[in-house]
Structure formats: structure tokens, C-alpha cells
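The values are calculated or read from the model by the stated rules, or taken from the named source; none is laboratory data. Quantities reported herein were computed from a predicted structural model and do not represent experimental measurements. Virtual Cβ from ideal backbone geometry, glycine too; neighbours counted across all protein chains shown. SASA here: full protein model, heavy atoms, side chains in, ligands and nucleic acids out. Shrake-Rupley method; radii C 1.70, N 1.55, O 1.52, S 1.80 Å.
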Amino acid sequence: MSQASAQPPRDGAQPVGDVAQAVERGRVAYDARDWPGCVAELEASDRVVALELPDLRRLGIARFLAGDAAGSVETIVRSHRVALAQGHWTAGAETAFWHAWMLFLAGEHARAAGWLARAHTIAEEHEVDEAVAALPATLEARHLVELGRSNEALELADRAAATGRRLGAPDLHVLGLLAASMALIRLGRGAEALPRLDEVMAGVEADELTPTVAGLAYCAVLAACLSLHDVRRAAEWTTALADWCETQSGLVPYRGQCLVHRTQVLTLEGAWTAADAQGRLACAHLAGPPQGDAWYHLGELQRLRGDVEAAEDAYRKANSAGRQPEPGLALLRLAQGRTAAAASATRRLVAEEGRLDRPDVLVAHAEVMVAVGDLVAARAAADELAGAAASLASPVLAGHAAAAKGAVALAAGAPAEALDCLRVACRQFVDLGLPYHAARARARVAEALDLLGDADAAAYERDAARESFESLGAAAEAAALVSAEGLPGGLTAREMEVVRLVATGLSNRAVADALVLSDKTVARHLANIYTKLGISSRSAATAYAYDHGLMT
């Protein structure tokens, strides 16, 4: 006989039979993933007759998934007390572990350590299910990763995953795989993490996991795929997470994170209107550092659109919420013409150790260094990107590395080499369905073709790039290409600035100071200008500027 049917109700309370029916309705709602319905039925029952441990477990999970984290913790702690009082040691150890987990995710590491120690003690002093006894290792491994002890974390997490596999305990298996993947990514061994992440998602798709573990797995795998620049996997799992969320009524915790990941993927895919809507919803749903991530990615979208004011505002909000607004802010400064500020920022970022977003930093650093004429630094960034692409087998990073090498070659006055690299980048980005990056590569292909004297081919590439930018809504990029089309001799906007300043009689040093460039960069611009205009001296450039009305 259940506890609900064995105990009499309080005076004036509903009959015990009704309570038993409410408990059963709560269980049905739990199985149907109707989290608010489950909470309502089990809470109503619990007010009359105390729930038994299995139903307290259901209530704790349902409260968390319905967005009541505090209520979930309260239920877990109560379940722990009941388990100990009744001598249910496995349940006692398990509830201690999950309380430690939630404290850890909330940043309360000291309290988490205390509850984790309690889980260990119960397992050591009493007979506890082996899978539950192994759960604390997964959280300890995550903590070791944060402490920079990733090799130790990997060993511990792999043992936990193996135990879960051997015992047929899917929650333990998946939590171990996730911790091992985090350790491998921190160790720069992302390619080894991918098979583990795929195994995690196989368990999710098989519907083997506790709902809270399934949601955690979705978010962790998506974050890992995006950090590894595995766009295809990220797109697949973002769609799967959205579908998973839609199968559940009243689900709260994972919808916000889902929106952040969806914003990133939609931005990459060029669906910018949808990305904007998803990003704003994420900012409204989340708080703290997760909200900072949402604001950062919304800022990235506004930067690509050319909306400087909106991007600046989003980066500022990201920073206030605890998310460093780099490297996006550095690229925004570059777009504003504040090259010195951009260069200072990316040089600092490249020097920082242990950044998980290092590939993004390298992409930004290469672009900024080309702009300021530090081709040695730009080439080093491009080479490191190529190494990361090879290590991770990442087509996206391979495209970025090729684009960076092409930009360096273009700035160095080697248009044939640049063209080869930029064609590779363009193909990669087109194949991956990344229209913005493909359009940028095509715009630089046009520059290389201009330098090689093939004006017709350059015009075709420039037209294609401009059409892509206009379709995306990248107004500033499209306008820059329109301006370039109207310039004489195939000159770029920056080359026009150099010609005008040279024509006023300024030296290379003075031109460099005026445009915040290096002397070598100005010299390279002049060499390109001479080639395009078919001239060979500063005096000829001055004459050309006045003859063609460039000084007005």
C-alpha cells in the first residue's frame, strides 16, 4: 500500500482516494513531459500526504524543468533527509550528488564540495548502487578542468564513463563523456572530443537519460561544437534541441540556451532576421553570464549588419552581464577606423593563455594586423589557424586560415598567391553554407584579380559579393563595394586615400601617420597603385589624381 493511501488526510482536506489519484496524475504528467502539470498535481498531493521518495524525485526534476530552481533544490534536500531517515542509502548518496551539482553550476563551489563529500561518505559507509557511487567523479572531473588540471580530469571522467557503460547506467555514462570532452577541448585535443560528443547525443536520441541530464547534454554538446567551429554538427544539434524542447510542456531552463545557440547558427547561415529575433528572446529569458553570451552574439550580428550603435550597446550589455565582449569589439573598432585600438586589443587577446575562443581571436587578429600593416603577426596568426584547422579537422577554420593567408598575400603585393588562397576560402565557405564569409572572400578575390589586370573577372566577383551582402543585410560591406566600383583604375577606397595624400606632397611616413598605418603598408599600397594605374612614380600618381579629379 502506498504512503499516500495509508495516511489519513488533515481535517478539511480532500479524501485520501483523491490524493492517490492526484499522485497518479502527476506521474502520468511526468511521463508525458508536462512539467507544470506534474508539479501542480504532486504539490497538491504533498500538501495532504507526504510524497514517497520516487515521487519526490519526480517533483524535484519537474520543478527544475518548469523553471523553479529554488523549489527543485528544496525538494532535493528534503528527499535527501527522507532517504537518510528511511535508510535508503543509494537515494541519499544520489540526492547529495545532485545538490552538489546544482551548487557547482551556481558557482558555489565550497558548498558543492561539502555535499559531494557527503555523497562520498554515504557510499563509503553504506551499501550503495555502484553507478550512484561513481557519480561524484563526473563533477570532480569538471572541477579539475576549471582548475587547469585537465589531464587528471580526463582520466577520472573516462573511468566514470566506462563504469556507466559497463553497468548500463546512461546518466553516469553521459556525464562522464561530457566531462572527458571538456578536458580534451581544454587540452587542445578537440578532434578526440568529437567521438565522445557523438556518443553522448546517441544516448540522448535513444531517450535513455533523465530529462535534466538530456537537457544538460544538449547544451554542453552544442557549446562544444560551436567552440570547435564544427558548424555542421552545431546546426544539426541546434535543430534537435529545438525539437526536444517543443515536445515538453512548460520547459524553461534549456529554451534560453537553445535560443543563444540558435542565434549563433542562424547568423552563420545568413538568416539574420531570424537570428535577431532569437537573440532578443534569449536576452529576455536569461540572466547573468548566460545572458552575457546572448548579448555578445546579438552584438556580433549587429556588427556584421553594420549597425555600429546597436553593436556597441549589445557588447556593453554583454560585458555588464559578465561576458567579455572580445574579439567582436576589436573588429567593431576596426570597422570604425579605430585601428590602433583594435590592434592593441587583439595583441592583448593573442597573448592571453587558455582562451577557449582562441580560433576566433586568431581570425580577428589576422584581420586587424593586415589592416595595420603588421604582416609578420598576421602571417603567424594565419599559420596557427591552419594548424588548428588540421588538428580539429575543421573545414570552417580551414576556410578562415585560407582567407587570412590570402589577405596577407594581397597586402604583401602577391596577388597570384592571394587569389589561390582566397579561391580555396570561398569554396570552403560556400560548401559550408556560410554566405557572409563567402562574400568577404569574393570581395578580396576581386581585389586580387584587379591587381592581376583582369578587370572583367574582378567586376563579376565584386558584383556577386555585393549581391550577397545586400541579400544578407550587410549594408556597410555592400556600400563599400559600390564605392569601389566607381573608383578609377580599379583602386580600392584605401588606395584612393593614399593617392590623395601623396598628391598633397606628404611623405610615406606622414601618410602612414594620417591613416594609422605602417610605412611598409603605405609602400605596398603605392606599389599596388602604380601597378593598377600603369605608372611608376609619386609625381605620376600626383598627376593622375589631379587629371582624374580625385582631389575634389
Item to complete: For region 312-449, count all C-alpha to C-alpha pairs, find those more than 27 Å apart, and express that count as a whole percent of the total.
Response: 18
Worksheet, complete the sentence: Sorted largest first, the Cα spans of region 505-552 on the principal axes come out in Å as 27, 23, 13
Discussion item. What is the ratio of the Cα radius of gyration of region 301-368 to 2.2 N^0.38 Å, with N the residue count, to two decimals?
Written reply: 1.05
Item to complete: Go through Ala141, Leu53, Val39 and say which Cα lies farthest out towards the positive end of the charge dipole of the chain; charges sit on Cβ, +1 for Lys and Arg, -1 for Asp and Glu.
Response: Ala141
Fill in: Residues of region 302-369: accessible area per residue with a 1.4 Å probe, Å²
44
Discussion item. Just the number please: accessible area per residue for region 117-248, 1.4 Å probe, all protein chains included, in Å².
Written reply: 41
Worksheet, complete the sentence: note: region 201-262, Cα-Cα separations exceeding 13 Å make up a percent value of 57
Worksheet entry | Two-site label geometry, Lys520 and Ala110: point separation in nm, points 7 Å out along Cα→Cβ | 5.2
Item to complete: Positive end of the charge dipole of the chain (Lys, Arg +1 and Asp, Glu -1 on Cβ, about the Cα centre): tell me which of Pro290, Ala523, Ala402 has its Cα farthest that way.
Response: Ala523
Worksheet item: Debye sum, Cα scatterers, region 108-197, no solvent: what log₁₀ I/I(0) at q = 0.11, 0.19, 0.21, 0.25 1/Å?
Response: -0.30, -0.83, -0.96, -1.19
Worksheet entry | Ordering of 527-539, 33-45 by burial proxy (mean other Cβ atoms within 10 Å per residue, highest first) | 33-45, 527-539
Worksheet item: Using alpha-carbon positions, what is the distance between the centroids of region 205-272 and region 35-68, in Å?
Response: 26
Worksheet item: Can you give the charge dipole size of the chain about its Cα centre, rounded to the nearest 20 debye, using +1 on the beta carbon of Lys and Arg and -1 on the beta carbon of Asp and Glu?
Response: 1340
Item to complete: Could you work out, for region 240-341, what percent of all Cα-Cα pairs fall into each 5 Å distance bin, beginning at 0 Å and stopping at the bin that holds the largest distance?
Response: 2, 15, 23, 23, 17, 10, 6, 2, 1, 1, 0
Item to complete: Using per-residue counts of other Cβ atoms within 10 Å, averaged over each peptide, order 125-134, 352-361, 21-30, 289-298 from highest down.
Response: 289-298, 21-30, 125-134, 352-361
Fill in: Accessible surface, per residue, of region 421-534 when the full set of protein chains is kept, probe 1.4 Å, Å²
44
Worksheet, complete the sentence: For the chain, using Cα atoms only, the Rg and Dmax in Å read 29.2, 104
Practice prompt. Just tell me which aspartates and glutamates come within less than 12 Å, Cα to Cα, of Lys532; anything on the same chain fewer than 8 places away is out.
Written response: Glu447, Asp450, Asp454, Glu495
Practice prompt. Would you grab the residues whose amide H sits under 5 Å from the one on Ser249? Only those 5+ places off in sequence or on another chain, please, with H modelled 1.01 Å from N.
Written response: Asp34, Trp35
Fill in: Percent RCO, i.e. relative contact order, over region 16-155, from Cα pairs under 8 Å lying at least 6 residues apart
14
Discussion item. At 0.692 mPa s and 37 °C, plugging the Kirkwood radius over alpha-carbon pairs of region 38-136 into Stokes-Einstein gives what diffusion coefficient in µm²/s?
Written reply: 241
Discussion item. Once you keep just the Cα pairs under 8 angstrom separated by 6 or more residues, what percentage relative contact order results for the chain?
Written reply: 7
Worksheet item: Which value, in debye to the nearest 20, gives the size of the charge dipole of region 176-300 about its Cα centre, when Lys and Arg are +1 and Asp and Glu are -1 at the Cβ?
Response: 360
Worksheet item: What number, in percent, do you get for the relative contact order of region 117-181 if the mean sequence gap of Cα pairs under 8 Å and at least 6 apart is divided by its residue count?
Response: 31
Discussion item. Leaving out ligands, DNA and RNA, and with a 1.4 Å probe, what % of the accessible surface on the chain is carbon or sulfur?
Written reply: 53
Item to complete: Give me the percent of Cα-Cα pairs in region 402-495 that sit more than 17 Å apart, rounded to a whole number.
Response: 45
Practice prompt. Evaluate E = 1/(1 + (r/R0)^6) for Ser536 and Arg338, where r is the Cβ-Cβ distance and R0 equals 41 Å; express this FRET efficiency to the nearest 0.05.
Written response: 0.75
Worksheet item: Expressed as a whole number of Å, what is the distance separating the alpha-carbon centroids of region 397-452 and region 279-330?
Response: 28
Fill in: Hull-based mean projected area of region 413-552, where the convex hull spans the alpha carbons, in square nanometres
8.5
Worksheet item: Which value, in debye to the nearest 20, gives the size of the charge dipole of region 380-523 about its Cα centre, when Lys and Arg are +1 and Asp and Glu are -1 at the Cβ?
Response: 220
Practice prompt. Treating the angle as unsigned and between 0 and 90°, give the value, to the nearest 10°, between the Cα long axis of helix 358-372 and the longest Cα principal axis of the chain.
Written response: 20
